[in-house]
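Visitor: I'd like to ask some things about the structure below.
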Amino acid sequence: MSENELVSLVVERFATRDIDTLALRAGLSVITGSWHPVTAGEYVRDRGEIVVNTRSEIGADRVTAHELGHHFVQEYGLKMFDEEGFCDRFANALLSPNYTFE
């Protein structure tokens with residue numbers, strides 16, 4: 001499954017592309033934290049949380065969308081060599097105002 005196909009599936013399933021609404025409808029909490037910016041965010045599966053680093057130079061929406069990608073990759077049991085790259089592309093597609101869903 002491509003990142004575009006996953007975005008289409010998720011948007012259809014949850015009837016929104018708004019990242020905060022997606023997280024809520026997927027049963028996830030989005031919280032913020034502050035740590036040395038080695039990472040911009042984390043998906044904590046066992047707690048159902050996306051944690052966004054407020055010290056990161058990457059915007060919170062992009063971080064949240066990327067971490068949603070990790071959640072849905074795991075939820076749908078997708079296996080891939082480059083999950084980080086996939087989640088970056090997932091976030092790009094989800095956040096793109098010009099993205100059209102087939």
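The values are calculated or read from the model by the stated rules, or taken from the named source; none is laboratory data. A quick note: this is a predicted structure, and the numbers were derived from the prediction, not measured. Backbone-built Cβ (ideal geometry, glycine too); neighbour counts: all protein chains shown.
Conditions (1) in contact with a strand residue (DSSP E or B) (Cβ under 6 Å, 6 or more places away or on another chain); (2) within 15 Å of GLU67 (Cβ to Cβ), marked per residue:
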position	(1), (2)
ARG13	no, no
LEU22	no, yes
SER29	yes, yes
HIS36	no, no
THR39	no, yes
TYR43	yes, yes
ASP46	no, yes
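Quick grid of which residues meet (1) at pLDDT 95 or above; (2) buried (at least 17 other Cβ atoms within 10 Å of the Cβ); (3) of a type in the set (Ser, Thr, Tyr):
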{"site": "VAL11", "(1), (2), (3)": "no, yes, no"}
{"site": "ALA15", "(1), (2), (3)": "no, no, no"}
{"site": "THR21", "(1), (2), (3)": "yes, no, yes"}
{"site": "ARG25", "(1), (2), (3)": "yes, no, no"}
{"site": "THR39", "(1), (2), (3)": "no, no, yes"}
{"site": "TYR43", "(1), (2), (3)": "no, yes, yes"}
{"site": "ARG47", "(1), (2), (3)": "no, no, no"}
{"site": "VAL51", "(1), (2), (3)": "no, yes, no"}
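Visitor: Search segment 75-87 for residues that are without any contact (Cβ under 8 Å) to a residue 40 or more places away in the chain and pair each with any residue that is of a type in the set (Phe, Trp, Tyr) and in a helix (DSSP H, G or I) when their beta-carbon atoms are under 7 Å apart and the residues are at least 6 apart or on different chains.
Guide: Short answer, once both residue conditions are applied: MET80/PHE86.
Visitor: In the set LEU68, LEU78, which member is surrounded by 12 or more Cβ atoms within 10 Å (Cβ to Cβ) and at pLDDT 95 or above?
Guide: LEU68
Visitor: When residues of segment 81-102 are filtered for being surrounded by 15 or more Cβ atoms within 10 Å (Cβ to Cβ) and of a type in the set (Gly, Ala, Ser), how many remain?
Guide: Result for segment 81-102: 2.
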